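Step one of this worksheet: look at the structure below.
The numbers here are math on the coordinates, done by the rules we state, and not lab data. Source: prediction; values computed, not measured. Cβ atoms come from the backbone with ideal geometry, glycine included; neighbour counts cover every protein chain shown.
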Amino acid sequence: MTSTEILVRRQAIALEKALKLTQELAPLDEPLRLVAEEPFPNDTHVLAEVTATLAKVCSEQRQHILELAERIEQLEASAPPKGAERQ
């Protein structure tokens, strides 16, 4: 096996792993599913869809974190002071 063949094989394995991981994070993502089902997917196309899906998942998670932080702040603001609880 030549060094070029080894490199191509490693790239294919890396793309396959990235695709599987991304599918686990976003199993309902339609464009990603379509790319995964292609018989001979283009590496660049797979990488683009993986990147787009990961960015979308990260953005959604960031929004959830912000919402949770707001809820925590609201709960802390509505809770009585700690010193008042003991008295």
Ellipticity estimate at 222 nm from DSSP helix runs (n ≥ 4, -39,500 (n - 2.57)) divided over the chain, nearest 500: -28000 deg cm²/dmol
- prompt: Using the beta-carbon distance between LYS82 and ARG62 and R0 = 30 Å, what value does 1/(1 + (r/R0)^6) give for FRET efficiency, to the nearest 0.05?
  reply: 0.45
Total formal charge among the other residues, if their Cβ is under 14 angstrom from that of GLU37, Lys/Arg +1 and Asp/Glu -1: -3
field: Computed over the chain: relative contact order in percent, which uses C-alpha pairs under 8 Å that are six or more apart
entry: 24 percent
- prompt: What is the calculated FRET efficiency for THR2 to GLU37, with r their C-beta to C-beta distance and R₀ = 41 Å, to the nearest 0.05?
  reply: 0.85
The chain: angle of helix 43-78 to the longest principal axis, Cα-based, in degrees nearest 10: 0 degrees
message: Using all alpha carbons of the chain, what is the percent of pairwise distances in each 10 Å bin, ordered from the shortest bin to the longest?
response: 15, 30, 19, 14, 11, 8, 4, 1
- prompt: By how many degrees, between 0 and 90 and to the nearest 10, does the Cα long axis of helix 3-25 differ from the longest principal axis of the chain?
  reply: 30 degrees
- prompt: Given labels modelled 7 Å from the Cα in the Cβ direction, how far is it in nm from ALA12 to LEU28?
  reply: 3.4 nm
